[in-house]
Amino acid sequence: MLSQTFGYRHVMSSPLAPFLCPPGYAGPTGLRALAREGSAVTEAARLVRRAVTDRVRSGEDSPYDVPADEHGEVPVMLIPGFMAGDATLALMAAQLRRLGYRTYRSRMHANVGCTREASDGIEARLEEIVAERGRRVSIVGHSLGGLLARGLAVRRPDLVEAIVTLASPILAPGATHPVLLFDLSVVLRLREAGFGAMMGADCTSGECARLSWERAQAPIAHDVAFTSVFSRRDGLIDWRSCLDPQAKTVEVTTSHIGMAIDPGVMDVVARALSDNRARHARRRPA
């Protein structure tokens, strides 16, 4: 049961702990906010047009192309949002590969498991990638995936070189539209019924939730680049919760869902990674 009004329904309580929605934040409500998410269709169409244009211009250099360093392709891991899987970021991964990056999946079919266990699994995967590539990894995280990325950057700066978060409500993960809270309630009930390794009450209001929250608020090492992408048109979260004071914030005009497929967002991600790549090259000893 949720504590906000969704359309004509009023539900009683939220499955999220109050500390996840600090004073001053409030998620979008009503059908008008959800209708803004319908622009994801337009954003997908823009991606199709971009793909056609790229094929025509395939002989031209990309403005983000830079020579690979002696370690080969720069490793980038992509982490999907709540209830989403790696497939939702496949188009962005493909674009990054065209620009010379080596992309890695989070190995999530659906991001509905315990956040602490998910973070531990990604950390182990990062250790493997760093051992293989000989350098730290950049992470692109959508929504909840961005919160996981930020927590990992705090805990393991030796593994994480940069993070780019897309519509990630870092400052108030509980300030979300009631429809998301309803989806979360369904996941919790499925966990109670014994269906799969899904997040439980501890992940939303217990010690696991508090630990994840504290990690997502802790200071990030100065040598880990941090870019937070947000949209005032976001129909699912309070866009203000993306304005992490430690991040370089970049505003776009897409829906929450569209962050994963909009070509303009992909350009922002490419620029952030390219800037960090150049910074890394300047700092590397001759």
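When shorter helices are ignored and each DSSP H run of at least 4 residues is given -39500 (n - 2.57), the per-residue value for the chain at 222 nm works out to -13000 deg cm²/dmol. The value given for the stretch 225-276 is a Kirkwood hydrodynamic radius of 11.3 Å, derived from the mean inverse Cα-Cα separation. Per residue, the stretch 242-286 exposes 47 Å² of solvent-accessible protein surface, assessed with a 1.4 angstrom probe and all protein chains in place. Expressed in Å, the radius of gyration and Dmax of the Cα atoms of the chain are 18.7, 64.
Hey, what angle do you get for helix 40-56 against the long axis of the chain, alpha-carbon based, 0 to 90 degrees rounded to 10? Helix 40-56 sits at roughly 10 degrees to that axis.
Think of the chain as a dipole: +1 on every Lys or Arg Cβ, -1 on every Asp or Glu Cβ, centred on the Cα centre; then among GLY141, GLY258, ALA93, GLY258 lies furthest on the positive end.
The listed peptides 180-187, 200-207, ordered by packing as a protection proxy, come out as 180-187, 200-207 (highest mean of other Cβ atoms within 10 Å first). Computed over Cα pairs, the Kirkwood radius of the stretch 65-184 leads via Stokes-Einstein (1.567 mPa s, 4 °C) to a diffusion coefficient of 88 µm² per second. Is the stretch 199-257 best put as rounded, prolate or oblate by its Cα gyration tensor, with a ≥ b ≥ c the root eigenvalues, rounded for a/c under 1.5, and otherwise prolate when a/b is larger than b/c, oblate when not? Verdict is oblate for the stretch 199-257.
With the largest listed first and rounded to whole Å, the semi-axes of the equivalent ellipsoid of the stretch 100-147 from the Cα gyration tensor are 20, 13, 9.
Compute the Cα gyration tensor for the stretch 142-232, then decide on rounded, prolate or oblate, letting a ≥ b ≥ c be the square roots of its eigenvalues: rounded whenever a/c is under 1.5, prolate when a/b is larger than b/c in the other cases, and oblate in all that remain. Taking the square roots of the gyration eigenvalues as a ≥ b ≥ c, the stretch 142-232 is prolate. For the stretch 85-126, the spread of Cα coordinates along the three principal axes comes to 33, 19, 10 Å, biggest extent given first.
The values are calculated or read from the model by the stated rules, or taken from the named source; none is laboratory data. Treat the numbers as computed from the prediction; the structure is a model and nothing was measured. Using ideal geometry, Cβ is built from the backbone for each residue, glycine included, and neighbour counts are taken over all protein chains shown. Accessible surface areas use protein heavy atoms only, side chains included; no ligands, DNA or RNA. Shrake-Rupley method; radii C 1.70, N 1.55, O 1.52, S 1.80 Å.
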